1. So which residues in the range 45-74 are part of a helix (DSSP H, G or I), of a type in the set (A, V, I, L, M) and within 19 Å of the chain's Cα centre (by Cα)?
2. Need pairs with beta-carbon distance below 7 Å; first residue within 17 Å of Met28 (Cα to Cα) and within the range 51-70, second aromatic (Phe, Trp, Tyr); sequence gap 6+ or separate chains.
3. Of the residues in the range 48-67, how many are of a type in the set (A, V, I, L, M) and out of contact with any strand residue (DSSP E or B) (no Cβ under 7 Å at 6 or more places or on another chain)?
4. Just give me the residues in the range 13-24 being surrounded by 11 or more Cβ atoms within 10 Å (Cβ to Cβ) and not in a loop (DSSP other than H, G, I, E, B), in sequence order.
Amino acid sequence: MKKRNIFQNQSQEILTLFEMAKDRSKVMCIPMDYAKKDHMVMFCNGNGKILLLWTLALLISLVAIARIYDHLEN
């Protein structure tokens, strides 16, 4: 099976955002990898440096915990 090249479909809006950014390290990119077993979420800056790498299940759990905490505080 031939793998499709995703780079031929670059988003002009995203390219414009990167061009407008004065410092690419201030740009946040969040690519997601949907796999058969564990979906992964990566937090990167505009230079491609990986800041965090979590499973999607962990990210959803952390968001749920934060929402419960906010609800209990209010």
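Coordinate-derived values only; no laboratory data. Since we're looking at a predicted model, the values are computed, not measured. Neighbour counts run over all protein chains shown; Cβ positions are idealised from the backbone, glycine included.
1. Leu56, Ala57, Leu58, Leu59, Ile60, Leu62, Val63, Ala64, Ala66 - these are the residues of the range 45-74 that are part of a helix (DSSP H, G or I), of a type in the set (A, V, I, L, M) and within 19 Å of the chain's Cα centre (by Cα).
2. Leu51/Phe43; Leu52/Phe43
3. Just the residues of the range 48-67 that are of a type in the set (A, V, I, L, M), to begin with: 50-53, 56-60, 62-66.
This time we only want the ones that are out of contact with any strand residue (DSSP E or B) (no Cβ under 7 Å at 6 or more places or on another chain), so: 57-58, 60, 62-66.
Counting residues in the range 48-67 that are of a type in the set (A, V, I, L, M) and out of contact with any strand residue (DSSP E or B) (no Cβ under 7 Å at 6 or more places or on another chain) gives 8.
4. Answer for the range 13-24, where residues must be surrounded by 11 or more Cβ atoms within 10 Å (Cβ to Cβ) and not in a loop (DSSP other than H, G, I, E, B): Ile14, Leu17, Phe18, Arg24.
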